[in-house]
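A.B. asks: For reference, the structure I am asking about is given below.
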Amino acid sequence: MKINGKMATPIEEKVDQNLKIRTGMVNVSDGKCKPEPLRLNLTMELLTLQRLEIVTPTNPQNGPPSESKERMVQITRQKQGGLGLSIKGGAEHKLPILISRIYKDQAADITGQLFVGDAIIKVNGEYITACPHDDAVNILRNAGDIVVLTVKHYRAATPFLQKQLAKDTPDSDNDTTCAELKADEGYKSSVNNGGGGTISRSCSRPMSICSEPEKRWMDVVAVPLMMAYVTRYIYGTDKLRPNAFEVRGINGTSTGIIHCDDLAILSQWLKLINDNVVGLTHLQMKLYNRNFAVGERIEYMGWVNEGVINNNISWQSYKPRFLLLKGTEVMLFETPPLNVAGLSKALVVYKVYQTMFRVVKESETVDSRQHCFLLQSAGHEPRYLSVETRQELLRIENSWNAAIVTSVIKLGRKTFAVSHHGKSGGLTLDWQTGFSLAEGADSAIVWQYKFSQLRGSSDDGKSKLKLHFQDHETRAIETKESLL
């Protein structure tokens, strides 16, 4: 493919092992320097930037990489065999989490990119370097059907682990293996010689057989798409980038600013990437929901941007927030929850049934940000939020309506303290009987209507609420007003 420093190329698609891979040339910058031409490589789980370089290929029979660099490898869990690997080590032994066995023709083996002696650094962007062995096992077991591992080859341990495999015996106890590994002369000599986990050449695999230099696409950066943040806006502002976008992974990686001079190609890339992000995030949501009863499940999760007023500046800045609708609650996070335990670390939690959701009309937006909405909960300042596309706003609105129904069904009945004609009372919403207003110490019913009689409602955005009901007999509209 000829690289053109100015023009983005059409997206090409191929199928490899039943997985779609899409590629195309774009220009990429850090937002300050002149863009350089790179290739985008999109799979279901990863967006990778690649540069065409002249390299001397190595003999693939030699196994793992000769250099100890971090690599990202995606695995699709199998129904039988899971990830198809075993691990040893752990923080309690002052050892990394090491791949000790890869089972033939199972998930890890099929990738062709994982090796005995690889240290697992991250699982789906979550560091496990400080995890005890059993915690690492649980993280891998619960990482979902599509798993992205960040690994680094730990050659000091490879010969010992291979000798363990050569014995052709079942996996030994982790404590025993770790003790034997730390006592192994080859491992000790590598560490004591300052190898930093890189064993001397005599203990490593044979030297690669060199061949003629060739051009090859080399990875520059790989961004995991699970719960990734995709934006066309200049970070923290309402300024839309012309013909450009950025993708940030939950592990902190970023593509930089991707430029496409052709709007059709730009739109196509954005759609393909967003579709993968939404699909993976929905898959993660389903995995989380295995832990919850029907009325407690997650209806939606995804990125939004919150407008923040700073007293030192005259305009509004924006901060990325991760929005989650779960059961009867709406939550905002600074970063996505990486597991079920992370759901307890929300920045903000409101009850859905006590919160107003309102889409902001284009004529009412405060700046150039589009697709905005308000969340206003009793006793709290309203939150002004925006998303990247109209489709995403509709997804949130539909999920909000579903969460409202879930909340009402779960609550069954809810009474709100109100003032009616200067008297204290209670406005009750009952899933079976509808609306009712009671006053006085004896809670005498002043009026009552079924849900089917409600014809409309309005409020002043503060405390006054008007409900409009239709009388079954006269067909007249009756308005009931209360102060919340």
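The values are calculated or read from the model by the stated rules, or taken from the named source; none is laboratory data. Since we're looking at a predicted model, the values are computed, not measured. Glycine gets a Cβ as well: all are built from the backbone with ideal geometry, and neighbour counts include every protein chain shown. Just the protein is used for accessible areas: all its heavy atoms, side chains included, with ligands, DNA and RNA removed. Shrake-Rupley method; radii C 1.70, N 1.55, O 1.52, S 1.80 Å.
A.B. asks: Could you grab the pairs with beta carbons closer than 9 Å, sequence gap of 6+ or different chains, first residue in the stretch 140-168 and under 25 Å from T76 (Cα atoms) and modelled with pLDDT under 70, second one open to solvent by 60 Å² or more (accessible area, probe 1.4 Å) and not hydrophobic (A, V, I, L, M, F, W, C)?
C.D. replies: T158/R205
A.B. asks: Which residues, taken from the stretch 242-289, are in contact with a Phe, Trp or Tyr (Cβ under 7 Å, 6 or more places away or on another chain) and open to solvent by 20 Å² or more (accessible area, probe 1.4 Å)?
C.D. replies: R248, L270
A.B. asks: Would you confirm, using the coordinates I've provided, whether Y384 is buried (at least 19 other Cβ atoms within 10 Å of the Cβ) and touching a residue at least 60 places away in the same chain (Cβ under 8 Å)? Talk me through it step by step, then tell me what you get.
C.D. replies: On the way: buried (at least 19 other Cβ atoms within 10 Å of the Cβ): yes; touching a residue at least 60 places away in the same chain (Cβ under 8 Å): yes.
Here the answer is yes, as Y384 does meet what is asked.
A.B. asks: Please specify each residue of the stretch 31-74 satisfying the condition of being charged (D, E, K, R), more than 27 Å from the chain's Cα centre (by Cα) and at pLDDT below 90.
C.D. replies: Restricting attention to the stretch 31-74, the residues satisfying the condition of being charged (D, E, K, R) are 32, 34, 36, 39, 45, 51, 53, 67, 69-71.
So of that shortlist, the ones also more than 27 Å from the chain's Cα centre (by Cα) come out as 32, 34, 36, 53, 67.
Answer for the stretch 31-74, where residues must be charged (D, E, K, R), more than 27 Å from the chain's Cα centre (by Cα) and at pLDDT below 90: K32, K34, E53, E67.
A.B. asks: Looking at (1) more than 25 Å from P337 (Cα to Cα); (2) in contact with a Lys or Arg (Cβ under 9 Å, 6 or more places away or on another chain), which is the one condition that is false for G81?
C.D. replies: (2)
A.B. asks: Kindly indicate whether Y318 is within 30 Å of E13 (Cβ to Cβ), surrounded by 19 or more Cβ atoms within 10 Å (Cβ to Cβ) and touching a strand residue (DSSP E or B) at 6+ places or on another chain (Cβ under 6 Å).
C.D. replies: no
A.B. asks: Oh, and also: Looking at (1) of a type outside the set (S, T, Y); (2) modelled with pLDDT under 85; (3) not in a loop (DSSP other than H, G, I, E, B), which is the only condition A8 fails?
C.D. replies: Against the list (1) of a type outside the set (S, T, Y); (2) modelled with pLDDT under 85; (3) not in a loop (DSSP other than H, G, I, E, B), A8 comes up short only on (3).
A.B. asks: For the stretch 12-30, which positions are more than 16 Å from R51 (Cα to Cα) and either open to solvent by less than 60 Å² (accessible area, probe 1.4 Å) or aliphatic (A, V, I, L, M) (or both)? Explain how you work it out, then say what you get.
C.D. replies: Start the filter on the stretch 12-30 by keeping residues that are more than 16 Å from R51 (Cα to Cα), which leaves 12-21.
Residues satisfying the conditions are V15, L19, I21.
A.B. asks: I need every pair where a residue in the stretch 414-439 that is surrounded by fewer than 17 Cβ atoms within 10 Å (Cβ to Cβ) has its Cβ under 6 Å from the Cβ of a residue that is modelled with pLDDT of 90 or more and of a type in the set (D, E, K, R), sequence separation at least 6 or different chains.
C.D. replies: Hits for this filter: K423/E439; G434/K450.
A.B. asks: Can you name the condition, by its number, that T335 falls short on among (1) within 30 Å of L270 (Cα to Cα); (2) in a helix (DSSP H, G or I)?
C.D. replies: Result: T335 passes all but (2).
A.B. asks: Residue check: is Q391 polar (S, T, N, Q) and surrounded by fewer than 17 Cβ atoms within 10 Å (Cβ to Cβ)? Outline the logic, then answer.
C.D. replies: Numbers: polar (S, T, N, Q): yes; surrounded by fewer than 17 Cβ atoms within 10 Å (Cβ to Cβ): yes.
Taking the combined requirement at face value, the residue satisfies it.
A.B. asks: While we're here: Give me the residue from the stretch 387-435 that is small (G, A, S) and part of a helix (DSSP H, G or I) and, out of that set, nearest to T328 (Cα to Cα).
C.D. replies: First, the residues of the stretch 387-435 that are small (G, A, S): 399, 402-403, 407, 412, 417, 419, 422, 424-426, 434.
Keeping just the survivors that are part of a helix (DSSP H, G or I) gives 399, 402-403, 407.
Numbers: S399: 12, A402: 10, A403: 6, S407: 5 Å.
Per the criteria, the residue is S407.
A.B. asks: Identify, please: which residue in the stretch 95-129 is surrounded by fewer than 21 Cβ atoms within 10 Å (Cβ to Cβ) and touching a residue at least 60 places away in the same chain (Cβ under 8 Å) and is, among those, farthest from I146 (Cα to Cα)?
C.D. replies: The selected residue is L95.
A.B. asks: Under 8 Å by Cβ, and 6 or more places apart or on different chains, what pairs join a residue from the stretch 253-269 that is of a type in the set (K, R) with one that is modelled with pLDDT of 95 or more?
C.D. replies: none
A.B. asks: Identify all residues within the stretch 130-139 that are open to solvent by 30 Å² or more (accessible area, probe 1.4 Å) and among the small types (G, A, S); write none if there are none.
C.D. replies: Selection gives A130 alone.
A.B. asks: Would you check if there is a residue in the stretch 459-469 being surrounded by 14 or more Cβ atoms within 10 Å (Cβ to Cβ), out of contact with any Gly (no Cβ under 8 Å at 6 or more places or on another chain) and more than 29 Å from E381 (Cα to Cα)?
C.D. replies: yes
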